[in-house]
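Following: one structure in structure tokens, then a few remarks.
The values are calculated or read from the model by the stated rules, or taken from the named source; none is laboratory data. For clarity, every value in this text was computed on a predicted model and none was experimentally measured. Every residue, glycine among them, receives a Cβ derived from its backbone with ideal geometry; neighbour counts consider all protein chains shown.
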Amino acid sequence: MAAEQREYGSFGAGDDGEVRERLVNAGKPAGEYGKELLQRMNGGTHQVLSEWAFSFVVLGPDMHALDLGCGGGANLARLLARCSEGKVHGLDYSPVSVALSTETNAGAIAEGRCEVVQGDVADLPFEDGSMDFVTAVETVYFWPDLEAALMEAHRVLAPGGRFLICNEDDGTDEITLRQSKLVDNMRVHTAGALVDVLGKAGFEDIHVHRNLDKRWMCLIARK
Ligand SMILES: C[S@@+](CC[C@H](N)C(=O)[O-])C[C@H]1O[C@@H](n2cnc3c(N)ncnc32)[C@H](O)[C@@H]1O
């Protein structure tokens, strides 16, 4: 199906100043506005997008999963529901994201089934081969050295473990590309570019799922 015609890009309506402020905060949420944005991301489009992406994988109940750029923590809750006897880890470099992910998953954290840490995707504080599943939802746009970060995701995965990337924009929409240029160092990747960089980082068996109408994409690769 052809992509739908839109009046504004995937990163929402507004003048350049409003879109820039939204994208700066999406890339590293800060203050009250950052918290508000994360609360919205825990529902709305991100919820439907994440559920669409997670529908492509079956997880074992005892798996260890890691969500990179965990934001407000809704994906941690989704992983906890699937890995009911395992452990779920969240990592984000924004203190506001770490605080809201912690609040969202307070029950599972108290039970020792979840932990949320502040850190950068470029230097993951996890042992080699310690994860069965790693996710990156709506976050790789902001990673300055994507290949190095994907190598980190590859390092912490156990052999056969899977890595999922999900983006609400597939880099083919002119308006969205223009929006992304309002922010330094933001990149909206195409599926082809992500397949290439996943391969360079050592991943194999790379599957690309698309919703061409909405321009969503989800890539799942194996270590
Ligand atoms: C647009 S939000 C998405 C949040 C969540 N994954 C979701 O789908 O709702 C992007 C998140 O990635 C985080 N992030 C971006 N770059 C990061 C990096 N280099 N290291 C750790 N977290 C990062 C941001 O702080 C933010 O919380």
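Consider segment 46-77. How many of its residues are without any contact (Cβ under 8 Å) to a residue 24 or more places away in the chain, of a type outside the set (S, T, N, Q) and part of a loop (DSSP other than H, G, I, E, B)? Can you show your working first?
If we filter segment 46-77 for residues that are without any contact (Cβ under 8 Å) to a residue 24 or more places away in the chain, which is where we start, we get 48, 55, 58.
Within this subset, residues satisfying the condition of being of a type outside the set (S, T, N, Q) are 48, 58.
Those still in the list that are part of a loop (DSSP other than H, G, I, E, B) too: 58.
So the count comes out to 1.
Being modelled with pLDDT under 95 and out of contact with any Cys (no Cβ under 8 Å at 6 or more places or on another chain) narrows it down to one of Gly44, Gly72, so name that one.
That would be Gly44, the only listed residue that is modelled with pLDDT under 95 and out of contact with any Cys (no Cβ under 8 Å at 6 or more places or on another chain).
Before we move on, is Asp62 within 12 Å of the ligand (Cβ to nearest atom) and of a type outside the set (Gly, Ala, Ser)?
no
Kindly provide the set of residues from segment 106-127 that are touching a strand residue (DSSP E or B) at 6+ places or on another chain (Cβ under 9 Å) and either within 13 Å of the ligand (Cβ to nearest atom) or under 23 Å from Leu150 (Cα atoms) (or both), ordered by number.
Those that are touching a strand residue (DSSP E or B) at 6+ places or on another chain (Cβ under 9 Å) and either within 13 Å of the ligand (Cβ to nearest atom) or under 23 Å from Leu150 (Cα atoms) (or both): Cys114, Glu115, Val116, Val117, Gln118, Gly119, Asp120, Val121, Leu124, Pro125, Phe126.
Hey, among Ser101, Ser94, which residue is touching a helix residue (DSSP H, G or I) at 6+ places or on another chain (Cβ under 8 Å), closer than 28 Å to Val58 by Cβ and either surrounded by 19 or more Cβ atoms within 10 Å (Cβ to Cβ) or among the β-branched types (Val, Ile, Thr) (or both)?
Answer to the selection: Ser101.
Is there a residue being closer than 21 Å to Cys70 by Cα and in contact with a strand residue (DSSP E or B) (Cβ under 6 Å, 6 or more places away or on another chain) anywhere in segment 200-218? Please lay out each step first, then the result.
We begin by selecting, within segment 200-218, every residue closer than 21 Å to Cys70 by Cα; these are 216-218.
Imposing the further condition that a residue be in contact with a strand residue (DSSP E or B) (Cβ under 6 Å, 6 or more places away or on another chain) reduces the set to 217-218.
Yes, that holds for at least one residue.
May I ask you to list the residues in segment 39-86 that are surrounded by fewer than 20 Cβ atoms within 10 Å (Cβ to Cβ), among the charged types (D, E, K, R) and under 25 Å from Ala158 (Cβ atoms)?
Scanning segment 39-86 gives Asp62, Arg82, Glu85.
Looking at segment 99-114, can you tell me whether even one residue there is at pLDDT 95 or above, assigned to a helix (DSSP H, G or I) and under 16 Å from the mean Cα position of the chain (by Cα)?
So far as segment 99-114 goes, yes, one or more of its residues are at pLDDT 95 or above, assigned to a helix (DSSP H, G or I) and under 16 Å from the mean Cα position of the chain (by Cα).
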